[in-house]
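Undergrad: Below is one structure. I have some questions about it.
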Amino acid sequence: MVIIKLQLKIRVGFFFFFFFFFQFFDIENHFVVRFLKMRKSMRYPKKKKKEKNTDSQSQIGVNYGTLGDNLPTPTQAVQLMKQQGVTQARIYDTNPVVLQAFQGSNIQLIVGALNDEVLAISESNVTATTWLKTRVVPYAASCNITCIAVGNDVLVSDPVLSPALLPAISFIHAALVSLGLDSTIKVSTPFSTDLLTSTFPPSTGVFNSSFSTSVVEPILTFLSETGSFVMLNVYPYRAYEQNPQIITLDFALFLPNPGVLDSSNGFLYTNAFDALLDATYIAIAALNHTDLTIVVTETGWPSQGDPNEQGLSTSNAQTYNSNLVKHVLNKTGSPVRPGVVIITYLYELFDEDKEPGASSARNFGLFDAAMSPVYAVDLTGTGLTLEAPSSTQAVNRTWCIAKQGVNESSLQADIDYACGLGRADCSLIQPGMSCYLPNTRLSHASYAVNSYYQKNANTPGSCDFADTAIITTTDPSYGNCTYPASTQLVAETTVSGSSLLLQTGVLRLISSMLLVLLMLNLR
């Protein structure tokens with residue numbers, strides 16, 4: 001009898017001890033909960049889940065351009081990419097606002113040196129190192145930067161820069177070596193299939209003689225020596241437009257067709273994508289390089305165009321991109337390189353309304369400016385098609401700007417602190433940069449305090465500056481000057497007091513129930 005009473009007292013003591021203990025400590029991480037979970041796992045071992053093969057998903061990336069005045073913020077764009085399962089992306093410059101948005105996203109990123117920057121970078125190792133240290137290195141680790149694309153289609157779109165291309169690539173690589181980053185960040189430059197004077201049949205593939213030996217061959221040698229790869233922009237719709245008698249629409253869209261036999265090598269081609277890819281591989285081999293792999297840095301199909309542009313429609317864009325993704329994820333490779341994975345970046349994430357040229361150039365987007373899918377396509381091979389962000393998640397965007405009427409000395413003090421001790425990114429208000437003009441203290445202070453505000457998680461106290469700054473929901477961006485913005489999903493970040501109390505009460509009830517179960521198990 002004495003022993004039974006003693007056991008009862010011990011159990012009651014355990015109950016009250018752990019009950020009050022749970023009121024003051026985090027339930028999820030408490031050792032008792034872990035103990036209960038451990039006991040359960042010992043009794044009923046979990047079956048090991050079959051891990052998903054994410055290797056295929058990494059073969060498809062997207063290009064993210066920002067030539068538009070109505071586009072979502074970079075933060076929204078990155079969130080959208082993550083929602084769609086995108087694991088690789090390419091941007092065309094080193095815009096710090098865009099790079100900040102990619103920080104911590106785990107998306108593998110190709111960044112670019114603009115064509116306009118190639119000449120300056122090619123001048124010396126010093127200029128290349130300065131560019132690298134200011135534009136790339138601060139974000140290299142946090143943004144998971146894997147490659148630098150020097151220019152884009154330089155030899156076709158800006159041939160006057162051709163003598164500067166290899167020096168620019170070489171100097172950037174040398175700078176990466178000196179900083180110990182060459183093993184994680186590769187350097188290359190995107191070519192276009194327009195650089196080939198013959199592409200069909202693929203066995204006739206050859207580079208333009210104006211560049212083949214003087215520029216292309218030395219670049220290929222450099223890529224081979226540094227363990228890099230060839231970047232290639234491939235657009236079958238252009239091949240169809242230029243030669244519809246040979247490149248039929250079905251052939252360009254991966255639709256069923258008789259195929260075209262290349263009599264020189266015996267390969268049967270059933271789509272224009274493989275044909276253009278292999279024409280380039282054969283042109284590369286003609287320059288004594290069979291060791292290099294091609295990464296397709298751009299490919300896509302416009303959803304609309306001008307009246308004189310043939311084959312452009314939403315339906316055809318959907319067909320091309322859907323069939324392309326399936327083809328790439330099947331890992332069949334191309335006839336010349338069977339079984340070789342074709343890493344491919346779709347062009348592009350959004351329609352860019354400021355892209356110059358024909359209407360088609362402004363209508364490549366998978367999403368429109370409102371982040372709604374232009375058409376359905378599965379980017380990952382998992383059966384999930386593109387979808388817009390949940391309508392229940394309201395977007396709350398805020399900026400911090402300098403107040404009107406503040407004296408010049410106070411504005412200068414704000415600039416000095418934000419850009420100095422505050423370690424805000426003030427690079428865009430330096431002379432020659434996109435936010436330098438108007439060259440006034442009010443304008444520069446607004447950009448500086450906003451940069452500081454965004455850097456410090458948009459907390460209200462980070463937009464005070466001795467009452468010289470104020471939070472606004474009106475975008476202060478202008479022209480080519482883009483102010484970084486906070487982007488919060490209200491449904492995910494706002495919790496009312498009553499809701500918090502309810503959650504706390506539920507957690508405490510659960511804790512009590514767990515303790516009762518523990519006591520029963522101790523019998």
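The values are calculated or read from the model by the stated rules, or taken from the named source; none is laboratory data. Please read all numbers here as calculations on a predicted model, not as lab measurements. Glycine gets a Cβ as well: all are built from the backbone with ideal geometry, and neighbour counts include every protein chain shown. Side chains included, ligands, DNA and RNA excluded: accessible areas come from the protein's heavy atoms. Shrake-Rupley method; radii C 1.70, N 1.55, O 1.52, S 1.80 Å.
Undergrad: Suppose we filter the stretch 252-270 for residues that are open to solvent by 30 Å² or more (accessible area, probe 1.4 Å) and either in a strand (DSSP E or B) or closer than 22 Å to V325 by Cα (or both); how many remain?
TA: Of the residues in that region, 10 qualify.
Undergrad: Here's a follow-up. Would you check which residues across the stretch 119-134 are over 23 Å from the mean Cα position of the chain (by Cα), buried (at least 17 other Cβ atoms within 10 Å of the Cβ) and assigned to a helix (DSSP H, G or I) and list them?
TA: Let us first name the residues in the stretch 119-134 that are over 23 Å from the mean Cα position of the chain (by Cα), namely 119-130.
Next, only the ones that are buried (at least 17 other Cβ atoms within 10 Å of the Cβ) stay: 119, 121-122, 127-129.
Passing the criteria: L119, I121, T127, A128, T129.
Undergrad: Pull out all pairs, ordered by first then second residue, where Cβ-Cβ is under 9 Å, the residues are six or more apart or on different chains, the first lies in the stretch 271-296 and is at positive phi and part of a loop (DSSP other than H, G, I, E, B), and the second is surrounded by fewer than 24 Cβ atoms within 10 Å (Cβ to Cβ) and β-branched (V, I, T).
TA: What qualifies is N288/T221.
Undergrad: State yes or no: is A279 under 25 Å from the mean Cα position of the chain (by Cα), buried (at least 22 other Cβ atoms within 10 Å of the Cβ) and hydrophobic (A, V, I, L, M, F, W, C)?
TA: No.
Undergrad: Looking at (1) more than 17 Å from S188 (Cβ to Cβ); (2) over 12 Å from the mean Cα position of the chain (by Cα); (3) among the polar types (S, T, N, Q), can you tell me which one Q76 breaks?
TA: Unmet condition: (2).
Undergrad: Out of the stretch 308-329, which residues are under 22 Å from the mean Cα position of the chain (by Cα), within 28 Å of P356 (Cβ to Cβ) and open to solvent by 20 Å² or more (accessible area, probe 1.4 Å)?
TA: Q318
Undergrad: Please go through the stretch 60-94 and pick out each residue that is surrounded by fewer than 21 Cβ atoms within 10 Å (Cβ to Cβ) and touching a Lys or Arg at 6+ places or on another chain (Cβ under 8 Å).
TA: Passing the criteria: L67, G68, D69.
Undergrad: Here's a follow-up. Test T332 against the criterion of being open to solvent by 10 Å² or more (accessible area, probe 1.4 Å), at pLDDT 90 or above and not aromatic (F, W, Y), and give yes or no.
TA: Answer is no for this residue.
Undergrad: Moving on to the next point. Out of all the residues in the stretch 119-137, which are without any contact (Cβ under 8 Å) to a residue 60 or more places away in the chain and closer than 16 Å to N95 by Cα?
TA: If the condition is that a residue be without any contact (Cβ under 8 Å) to a residue 60 or more places away in the chain and closer than 16 Å to N95 by Cα, then T130, W131, L132, K133, R135, V136, V137 are the ones that fit.
Undergrad: Would you confirm whether or not the stretch 167-184 contains a residue that is within 30 Å of S142 (Cβ to Cβ), over 27 Å from the mean Cα position of the chain (by Cα) and of a type outside the set (D, E, K, R)?
TA: Taking every residue of the stretch 167-184 in turn, at least one turns out to be within 30 Å of S142 (Cβ to Cβ), over 27 Å from the mean Cα position of the chain (by Cα) and of a type outside the set (D, E, K, R).
Undergrad: Only one of (1) more than 20 Å from I343 (Cβ to Cβ); (2) free of Cβ contacts under 8 Å to residues at least 60 places away in the same chain is not met by C143, so which one is it?
TA: (1)
Undergrad: Further, regarding this structure: For L249, indicate whether it is touching a Gly at 6+ places or on another chain (Cβ under 8 Å), buried (at least 16 other Cβ atoms within 10 Å of the Cβ) and aliphatic (A, V, I, L, M).
TA: Yes.
Undergrad: Please find, within the stretch 343-383, the residue that is surrounded by the fewest Cβ atoms within 10 Å (Cβ to Cβ) out of those that are in contact with a strand residue (DSSP E or B) (Cβ under 8 Å, 6 or more places away or on another chain) and outside any loop (DSSP other than H, G, I, E, B).
TA: Going through the qualifying residues, I end up with P373.
Undergrad: Would you confirm whether or not the stretch 406-413 contains a residue that is assigned to a loop (DSSP other than H, G, I, E, B), at pLDDT 90 or above and open to solvent by 40 Å² or more (accessible area, probe 1.4 Å)?
TA: yes
Undergrad: While we're on this one: Quick check, is A239 in a helix (DSSP H, G or I), free of Cβ contacts under 8 Å to residues at least 60 places away in the same chain and within 23 Å of V126 (Cα to Cα)? Step through it out loud before you land on a result.
TA: Details: in a helix (DSSP H, G or I): yes; free of Cβ contacts under 8 Å to residues at least 60 places away in the same chain: yes; within 23 Å of V126 (Cα to Cα): no.
Taking the combined requirement at face value, the residue does not satisfy it.
Undergrad: For G305, state whether it is touching a strand residue (DSSP E or B) at 6+ places or on another chain (Cβ under 6 Å) and open to solvent by 10 Å² or more (accessible area, probe 1.4 Å). Talk me through it step by step, then tell me what you get.
TA: Working: touching a strand residue (DSSP E or B) at 6+ places or on another chain (Cβ under 6 Å): no; open to solvent by 10 Å² or more (accessible area, probe 1.4 Å): yes.
So G305 does not fit the description; no.
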